[in-house]
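Asks: The structure that follows is given in the form of structure tokens.
The values are calculated or read from the model by the stated rules, or taken from the named source; none is laboratory data. What you see is a predicted model; the values in this text were computed from it and never measured. As a convention, Cβ positions derive from the backbone with ideal geometry for all residues, glycine included, and neighbour counts pool all protein chains shown.
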Amino acid sequence: MNNIKSIVLILTTLCLIALIACKDNSTNQELVTEVTFFKVGETDSTHGESFILALEKTEDIEKARSIINDPKNAAEKIISAKIVPQKGDEEYKNQDLNDGTIWSWRIEEFQEFSFNTIEILDGWPGYIEEDLNRWFLNTSGDTTHGFIGFWGYTIIEEINPEELK
């Protein structure tokens, strides 16, 4: 029985190493360009809030621009991302460009444009702002970070970086 456990452990470890190696190789092949900023806002006007998304990969920037150009035909337009508290020393502040509100959180890692997300990731910027730690705990299990995937929000427009200073 111990031999079977050892074999399973070794195979599991080798699979994890292979997955990590594949992920690293695919990441290295993606084109990276300068940071391009986008305003993410509502597809309707329920809350009237927005937030900032910074993208670096050419493929992501092109997808964001295609959403702006034809939002009705973009199937995958929900922003899935990891968020963290805003520190204050970032190059730009995550903010609502509609009224200038500075959010206490920012996107640390854009993950993908999604067709849908699980319900626990649905919300809006002001809802996160009401209790950042609760949002983090609900979406990640700890208070250092969380995740978003707001159903009613997508890329609205490209932002000139000067507007964020």
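Asks: In region 136-151, which residue that is touching a helix residue (DSSP H, G or I) at 6+ places or on another chain (Cβ under 8 Å) and in contact (Cβ under 8 Å) with a residue 40 or more places away in the chain is surrounded by the fewest Cβ atoms within 10 Å (Cβ to Cβ)?
Replies: 144
Asks: With the condition kept exactly as written, say whether any residue in region 84-97 is without any contact (Cβ under 8 Å) to a residue 24 or more places away in the chain and within 17 Å of the chain's Cα centre (by Cα).
Replies: Yes, region 84-97 contains a residue that is without any contact (Cβ under 8 Å) to a residue 24 or more places away in the chain and within 17 Å of the chain's Cα centre (by Cα).
Asks: Could you tell me whether residue 93 is surrounded by 13 or more Cβ atoms within 10 Å (Cβ to Cβ), farther than 14 Å from residue 41 by Cα and not small (Gly, Ala, Ser)?
Replies: Yes; evaluated as a whole, the condition is true for this residue.
Asks: Taking residue 75 as meeting all but one of (1) over 15 Å from residue 40 (Cβ atoms); (2) modelled with pLDDT of 95 or more; (3) of a type in the set (A, V, I, L, M); (4) surrounded by fewer than 18 Cβ atoms within 10 Å (Cβ to Cβ), write down the number of the exception.
Replies: (2)
Asks: So, of the residues in region 96-114 that are surrounded by fewer than 17 Cβ atoms within 10 Å (Cβ to Cβ) and acidic (Asp, Glu), which turns out to be farthest from residue 143 (Cα to Cα)?
Replies: Filtering region 96-114 for residues that are surrounded by fewer than 17 Cβ atoms within 10 Å (Cβ to Cβ) and acidic (Asp, Glu), the one farthest from residue 143 (Cα to Cα) comes out as 99.
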